[in-house]
Structures are given as structure tokens and as C-alpha cells.
Amino acid sequence: MPDPEREDSRAFRRGNNVNDSKPTTCMRCAVGCGYLQAGAASGQGVADVSGHAEHPTSHGGTCGRGVRETVDPRGERLTTPLIRRGDSLRPTDWDTALGVVATRLIEAIRESPSNVAVLGSGQQTNEAAYALGKVARGVFGTPHYDANTTLCMASAVTAYYQAFGSDAPPPTYDDIPEADTHVVWGANPAVAHPVLYRWLADSARADGGRLIVVDPVSTKTAADADVHVQPDPGTDLALARAVLAHVVESGAVDEAFVDAHTEGFERMVESLPDAETAAATAGVPLDRVAAVAAALDAPTILYWGMGVNQSVQGTATARALIDLCLATGNLGPGSGPFSLTGQANSMGNRVCASKGTWPGHRAFTEGANRERMAKVWDVPLTRLPDSSGPGFVSIVDGLARGDIDVCWTVATNPVAGMPDAGYVKKALDDAFLVVQDAFRSDTLECADVVLPAATWGETEGTVMNMERRVSPVTAVTDPPGSARQDIDIVAAVGNRIHPGVFEGPPVDPESVFDELRELTAGTTADISGITYDRLERDLAVRWPAPDADTEGGYRYYDDGAWSFYTDSGRARFSTAVHSAVPEPVDEEYPLTLTTGRRSDAYNTGVRTRDSGESEKPTARMHPQTIADCLLSLDRGETVIESRRASVAVEVAPSDGVPPGVVWLPIHNAAANELTLSTVDPESAEPNLKQCAVALHPPERTRAERERNTAVLPT
């Protein structure tokens, strides 16, 4: 049973009056802004949100979207469990829904633990993510589990491990105003991370400051840049290596730093092409390459996002960007490589959720770590899977082959968020699918059972932002109908399979956090010194925090001394070579599709989608592309076709999109019907940002053309 003293503590933190303002953390993105929020005077809902001036992360900063999407989400809420009866989902009660889920899970696990897949999300709290990993790994014993990492940050994570021996970017937010040069590569933080972007832009506008943006498309961030470099889609590695080559050729290497703190520099240099050849591969003039290389002479933070990570060369490109920082001595306060995280708790998933590592970044296959997990979870050691398993794409392949019978998705929407979405939908349709979410999603249409969950302002727990700060999220209102918090749903499922694995539900998130933080003690991601009481006092604490009085600063650096978690204690250079894009254009598919974010939408759109919003996404194209394809347009509409699907779209001219490129927003499920599921061989992250497409007149969809071809006389 929950501890009464802790229940009193939780009530104090939440407030006895629903109208009291309470500290919380924005869940819009991974910046981790501190908010004060209040519940509605009557009924349910969050009535008001404002920036928390005393919060150490954001100091009162907010963005309009974060506030709006917290107070007034436009998606359709799920309020009662649903179960499929024939062709439709019908309301049911929790006991029936959980009973059906447990029965199907037990049947599947009896055949084999790998017969079950669990797909999580960076939208869960640390406590819920830890609980889900505990159920997936310790109760089910499945290797088929992903906490969203391989759709988002896996390439950056793999690069950090390879270069530094540990995960997480070295810089913190404190370093942003100290940098002179800010290089933003394959990211649009003005749209995706507005509060962080203000800090970045303010620093770049200061005396001696510069902003350099590398992106095939002219974005809101690129509009502010001193230099905007536009490589051909899919050639980021070639461009990064061109800049590296220019740094070496021009004698701009920080030899003292390289000699003292790195290894593999000579092999990296031997692997480099000449700068001019690599620049030509990327479609970038050599003077632009020289401008980027010269800017690295000042203290530089090099940021990157999904434009780098979501590529078959994502890990190699992230390594090359880290190489640039190492070669130019841009590692240390006020400089360094800084990957930008999309989902609010992607970092927390990596520390807590037992996907690629056990909690605290403990190595997954190391015997002592496995024994520790089995003991803490009170499950047989033999139940834990032997490997951390594949990523999202390979899990879906297993579902499509019929190797996995049951799939449970939690706060994620793979039918919209994964590449080759039509294939994903069919694979989920053929499985027994349990969907746990707060809003009606594209994936829900495939569900056999729906478990309605709480959302922002209705949930208790903690999250971690992209600079490693742990901060609380609080509830100021109850969820609508019979919806429940994620952690309580996870515990209810887990207890039906392995009775007693959780106390409750309801589950005390503080007790779960205490179990989690103790598991991280002594690790590279130590949060053992962070307690709920400390967070109540300090609001946010950055790890590593091994005791109650310390918190982490610049990663791998302490009072002038460097300490990397590699065998040699040195940071490592890389030697990857650019290869061709996985799907080049040709005569049949002569255009390149790329995707990006809109400023008014959230992830796959389920939280921000108006019921009356057009089902057709808007494709941005250069006027020259429109002119060249004029016969494929009709009254401002066309059909984009890839080798996987065809999608009807509205067309908007844009000088910011290069000729020959088509841009679609990620927030509409139709975009990913077209995209390519080929993955990075090192990180298993899919190549979402580039594929070959063609345009056809609206009436000539792929299905219609195939039907017409089928009836032609022979």
C-alpha cells in the first residue's frame, strides 16, 4: 500500500486547493522550461500557465506554443477504455480491458517472451518510463522494446558513446551565452526549441557573435543566420568531412588539445578527402566550407538535430561533428557538440527506461548489472532478455512477419511517426494491438484495446531535459472520465502478469523514483542524490548528482582536467566516409522529399490537430519546381508518389526550398507514408529526411494508375 506520509507529502506539493499554482515542467519539448500552473476553478483542465521566474533552467522563459498546448490542447481526448467488437471500438470498463490485455499477453509470453513488443515514448515521466521498462524487461522478458530512442536520438547517443564512452552532450545551457560562434546543423530550434533559441540568438547577436546554419531548406532559424549553408539532402557527412579537411589543410587544428586529450587523429586525417571534392559532393561552394571552418576558430557550440540523426549516416555524421569540435579545440566551457532533443523526456528514457542500457547507463549485457536488476525487481535472472533488441523499424518488421503477436504502444503514434507508414499500419493491424494514449491517434484506428491516459497537468513525476536537469511535473487537475496516469496503467498490467511487482495502483511515483535513483548510484548517470524533497526546494538538478549537495556541470571536465569514459581516457576521432544516399533520384522519381516541423503543430499532430483541419498536408516547393512540374498540378494540388505510396497534397510556392526538393511537415501521417525505412547500421535510426519522389496529377493516384493499367488490352 502507498505510504501515508508520502501521500501527505504529495498532497502538499500538489496543493490542497485545485486553484493553487504549482511548479511544473513544460512537456512541449526537451528544453525543460519551468512553469507555474493552476487548475480550473470548477471542473477539469489546466486554467493558467506562466513562466516560473525562480526556475534554474529557464528563469521564467516560456514559448507561446508550450503555454497554449498545455492549457488548451486541441486533440480529441480519450476518456474511457475501448475494446474492439467487430469493426468498431466500443466503450468498456477498466477491469474488462485489463483482463483482455493480460490474457493475450500471458498467451503470447507462454509461447515466447519475444512474442510481445512494447513501444514507449519520450512523453512519459521518468517514473512511468522506468515502470514500463521494468514490465517489458523484467515481467515480459522481451527484447522487443523501444522507448522511442531509435526514432529520435539513437544516432547522437551512439556517437557520444563512440567518441566519449558515455551518453549526453558535454555542454549545458550555461555555456550558450559564453560561446561566440553557434553552428546549427540539421535543426530548426527557432521552431522546435524557441526558449533555447532566444539564448542562442542573443549570444550570436552580441559583439563578435555569429550564427551559422546548415540546412538544405531556408528555415526560421536560417533566416537569422550570418551564413546559411545548403547541402544537398543526405550529404551532411560529406559536408562535415569537407569542413574537417579544410581545418586540417589550413592549419587550424588545435594541436595542443588534440595531442593531450584525443586519439585517432592521424587515422582520421588519412581518411579525409580533399575539401574541394567533398564540398562538391555536398553541392556546396568551397568558400562556404571555408566560412564554416574559419568560424570554428572562436569558442563554438555545434548543435544538431533530426536532420543529422534521422539518416543512414546519422551516427557517422554526428561523429564527424564531434570530430570538428575536437580538432578545433572546441571542447570545454562555452563550446562543444550539443545534440538537440525533440521529445520532453528523451533524456530520461535513456537513463531510466532499460532500452539500450539498464538504469544509469549500466551496460546491458554485463553480468553484474543483470544480477542487480533481477534482484531489485525480484524476478528470475533468466527472464531478462539477453540483448537490448532491435529498434522500432525491426520490431515492426517482426510484427509484419508474424513473429510478434502482441504489441503495446504507450504515448506514441507509430502509424504517423514511422517511415513507410502504410507498411507500419498493416503490421499493427495484423497484431493484437494495445494503445495507451491521452488523445485519439492514427495508431488507435488499428487498436484492439485502448487504455486512456492522463496528460500534462494531470500527471505526477519527474522528467530530464536535454542538458541533464531533473525537474518535477505536477498535477493540478484530474484526468477526464476514467483516464488514468501512465504509471498506474503500466502497474496494473504488470501486476496482472506478475502479481506484486508494483505496490498499487495507484502507484506512489516518489517510491518508484527512489528505486530508480538507487539503481543509478555510482554510474555515469548518477541521480542518487536527487530526491523529491530536493526538487521541491531546488526545482531542477542536473546529473551526475551523487549526493544531496552536488550537481553536474560541463560533461567530462572538472577544474581544468578532462576525464572521458573510454579505455584510454581520451576522446576518439572517427574515420567514416560518405556514401551515396539510400534512394537517389532517377528518371521515374526525379525529386527529393525532405520533412520538417511547423511552428503551430506538435509531433504527429494528435495534440494540436483541429477537427476541421484539412486532411491534405501542404507541400512547399520552389517556384521553378512547380513550373517544371506544371502538368502534374491542378488548382494548387498534386499527388506526391514514392516507391511506397502516393499522397494527395496542396502546393505552396517557397523560395526557401531548393529546386528539385519537396518539403512536407512531419505532423501529418500522410508524410511518412512516403518515407524510407532504411536504417543507420550503427544506431538503427531510420532515414526519414530523404527519399526520391515524383509528382502526378491529382486524379492519377498510384492505385488508380494501377487499375487503369490492369484493364488495358493486351
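The values are calculated or read from the model by the stated rules, or taken from the named source; none is laboratory data. Note that the structure is a prediction, hence the values are computed from the model and not measured. So basically every Cβ, Gly included, is an ideal-geometry build from the backbone, and we count neighbours across all protein chains shown. Protein only, heavy atoms only, side chains kept; ligands, DNA and RNA dropped before computing areas. Shrake-Rupley method; radii C 1.70, N 1.55, O 1.52, S 1.80 Å.
Taking Leu196 as the residue in question, decide whether it is open to solvent by less than 10 Å² (accessible area, probe 1.4 Å) and more than 24 Å from Trp562 (Cβ to Cβ).
So Leu196 fits the description; yes.
When you scan the range 558-565, do you find a residue that is free of Cβ contacts under 8 Å to residues at least 24 places away in the same chain and among the hydroxyl-bearing types (Ser, Thr, Tyr), even just one?
Taking every residue of the range 558-565 in turn, at least one turns out to be free of Cβ contacts under 8 Å to residues at least 24 places away in the same chain and among the hydroxyl-bearing types (Ser, Thr, Tyr).
Kindly check whether there is at least one residue in the range 257-277 that is part of a loop (DSSP other than H, G, I, E, B), touching a Leu at 6+ places or on another chain (Cβ under 8 Å), of a type outside the set (Lys, Arg) and farther than 30 Å from Tyr602 by Cα.
Taking every residue of the range 257-277 in turn, at least one turns out to be part of a loop (DSSP other than H, G, I, E, B), touching a Leu at 6+ places or on another chain (Cβ under 8 Å), of a type outside the set (Lys, Arg) and farther than 30 Å from Tyr602 by Cα.
Which residues, counting only those in the range 542-590, are part of a strand (DSSP E or B), open to solvent by less than 20 Å² (accessible area, probe 1.4 Å) and either over 30 Å from His59 (Cα atoms) or aliphatic (A, V, I, L, M) (or both)?
Start the filter on the range 542-590 by keeping residues that are part of a strand (DSSP E or B), which leaves 542, 557-558, 561-562, 571-572.
From what's left, open to solvent by less than 20 Å² (accessible area, probe 1.4 Å): 542, 571.
Once the filter is applied, which keeps residues that are part of a strand (DSSP E or B), open to solvent by less than 20 Å² (accessible area, probe 1.4 Å) and either over 30 Å from His59 (Cα atoms) or aliphatic (A, V, I, L, M) (or both), the range 542-590 yields only Ala571.
Out of everything in the range 554-580 that is modelled with pLDDT of 95 or more and of a type in the set (A, V, I, L, M), what residue ends up being farthest from Pro273 (Cα to Cα)?
In this case the residue turns out to be Ala571.
Only one residue in Glu127, Glu178 is in contact (Cβ under 8 Å) with a residue 24 or more places away in the chain, of a type outside the set (Ser, Thr, Tyr), surrounded by 24 or more Cβ atoms within 10 Å (Cβ to Cβ) and in contact with a Pro (Cβ under 7 Å, 6 or more places away or on another chain), so which one is that?
It is Glu127.
Inspect all residues belonging to the range 308-329 and state whether any of them is in contact with a helix residue (DSSP H, G or I) (Cβ under 8 Å, 6 or more places away or on another chain) and over 30 Å from Pro582 (Cα atoms).
yes
Only residues that are touching a helix residue (DSSP H, G or I) at 6+ places or on another chain (Cβ under 9 Å) and on the phi > 0 side of the Ramachandran plot: list them for the range 496-544, please.
Gly504
Mind checking which residues of the range 95-111 are open to solvent by less than 30 Å² (accessible area, probe 1.4 Å) and of a type in the set (Val, Ile, Thr)?
Selection gives Val101 alone.
So, in the range 300-338, of the ones that are in a helix (DSSP H, G or I) and among the hydroxyl-bearing types (Ser, Thr, Tyr), which residue ends up surrounded by the fewest Cβ atoms within 10 Å (Cβ to Cβ)?
Ranking the candidates gives Thr315 first.
Residue-by-condition table, conditions (1) within 30 Å of Glu536 (Cβ to Cβ); (2) at pLDDT below 95:
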position: Glu54; (1), (2): yes, no
position: Arg65; (1), (2): yes, yes
position: Val71; (1), (2): yes, yes
position: Arg84; (1), (2): no, no
position: Arg90; (1), (2): no, no
position: Gly99; (1), (2): no, no
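Within the set of pairs 6 or more residues apart or between chains, which connect a residue that is in contact (Cβ under 8 Å) with a residue 24 or more places away in the chain and under 14 Å from Ala102 (Cα atoms) inside the range 495-506 to a residue that is open to solvent by less than 40 Å² (accessible area, probe 1.4 Å) and part of a loop (DSSP other than H, G, I, E, B) with Cβ atoms less than 9 Å apart?
His498/Val379
Would you mind stating whether Thr382 is polar (S, T, N, Q), touching a helix residue (DSSP H, G or I) at 6+ places or on another chain (Cβ under 9 Å) and surrounded by fewer than 20 Cβ atoms within 10 Å (Cβ to Cβ)?
Yes; evaluated as a whole, the condition is true for this residue.
Taking the residues in the range 657-680 that are open to solvent by 10 Å² or more (accessible area, probe 1.4 Å) and of a type in the set (Gly, Ala, Ser) as candidates, determine which candidate is farthest from Gln343 (Cα to Cα).
Gly660
Please work out if Pro233 is open to solvent by 10 Å² or more (accessible area, probe 1.4 Å) and either part of a helix (DSSP H, G or I) or over 24 Å from Arg319 (Cβ atoms) (or both).
It is false that Pro233 is open to solvent by 10 Å² or more (accessible area, probe 1.4 Å) and either part of a helix (DSSP H, G or I) or over 24 Å from Arg319 (Cβ atoms) (or both).
Find the helices (runs of 4 or more DSSP H) located wholly in the range 466-541 whose residues include 3 or more that are crowded, with 22+ Cβ neighbours inside 10 Å, under 26 Å from the mean Cα position of the chain (by Cα) and of a type in the set (Val, Ile, Thr), and list them.
Of the helices (runs of 4 or more DSSP H) lying wholly inside the range 466-541, those with at least 3 residues that are crowded, with 22+ Cβ neighbours inside 10 Å, under 26 Å from the mean Cα position of the chain (by Cα) and of a type in the set (Val, Ile, Thr) span 486-497.
Quick one: in the range 451-465, which of the residues that are closer than 17 Å to Leu119 by Cα and touching a Ser or Thr at 6+ places or on another chain (Cβ under 9 Å) is surrounded by the fewest Cβ atoms within 10 Å (Cβ to Cβ)?
Across the range 451-465, the extreme among qualifying residues is Pro452.
Across the range 339-354, what is the total count of residues that are assigned to a loop (DSSP other than H, G, I, E, B) and at pLDDT 95 or above? Write out each step before concluding.
Going residue by residue through the range 339-354, those that are assigned to a loop (DSSP other than H, G, I, E, B) are 340-345, 353-354.
Still in the running and at pLDDT 95 or above: 340, 345, 353-354.
Count: 4.
Failed condition for Ser114, given (1) surrounded by fewer than 21 Cβ atoms within 10 Å (Cβ to Cβ); (2) small (Gly, Ala, Ser); (3) touching a strand residue (DSSP E or B) at 6+ places or on another chain (Cβ under 8 Å); (4) modelled with pLDDT of 95 or more, with all others met?
Of everything listed in (1) surrounded by fewer than 21 Cβ atoms within 10 Å (Cβ to Cβ); (2) small (Gly, Ala, Ser); (3) touching a strand residue (DSSP E or B) at 6+ places or on another chain (Cβ under 8 Å); (4) modelled with pLDDT of 95 or more, Ser114 misses just condition (3).
Please work out if Leu630 is over 30 Å from Arg28 (Cβ atoms) and among the aliphatic types (A, V, I, L, M).
yes
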